[in-house]
Amino acid sequence: MKIDKAALREAAVDTMLGAIVNFPLSWLTITIVLLFTHNSFIISLSQLIVLSILAIIRRYYTRVYFDKRNKRNGL
């Protein structure tokens with residue numbers, strides 16, 4: 001099995017960006033939601049919605065960036 005180094009690099013970058021962005025965003029979301037409720041279901045649902053929307057946006061821009069980069073480099 002041959003490893004696609006470009007795909008591996010893209011996956012690693014996206015995962016690192018996710019960790020860098022999601023940790024403070026999770027903390028902020030929990031802090032804000034705790035001001036209004038202590039219901040764990042509402043907190044979890046809020047986290048799911050916020051992090052999912054951000055993940056889609058982050059993944060889109062990561063994919064567009066690497067597509068442009070690969071086209072420039074002739075990959």
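Each value in this text was obtained by applying a stated rule to the coordinates, not by laboratory testing. Nothing here was measured: the structure is a model prediction, and the numbers come from that model. For neighbour counting, all protein chains shown are included, and Cβ atoms are generated from backbone atoms with ideal geometry for every residue, glycine included.
Structural remarks
- When residues of region 22-75 are limited to those that are within 13 Å of the chain's Cα centre (by Cα) and among the small types (G, A, S), the one farthest from A11 (Cα to Cα): S26
- For region 2-10, the count of residues that are surrounded by 12 or more Cβ atoms within 10 Å (Cβ to Cβ), closer than 26 Å to Y60 by Cα and hydrophobic (A, V, I, L, M, F, W, C) is at least one.
- Here region 1-36 is the region considered, the condition is being among the acidic types (D, E) and in contact (Cβ under 8 Å) with a residue 12 or more places away in the chain, and the residue that is farthest from K71 (Cα to Cα) is D14.
- When region 37-75 is filtered for residues that are touching a residue at least 40 places away in the same chain (Cβ under 8 Å) and either not basic (K, R) or not in a helix (DSSP H, G or I) (or both), the ones remaining, listed by number, are T62, F66, N70, L75.
- Total residues in region 23-75, condition touching a helix residue (DSSP H, G or I) at 6+ places or on another chain (Cβ under 6 Å) and of a type in the set (S, T, N, Q): 4
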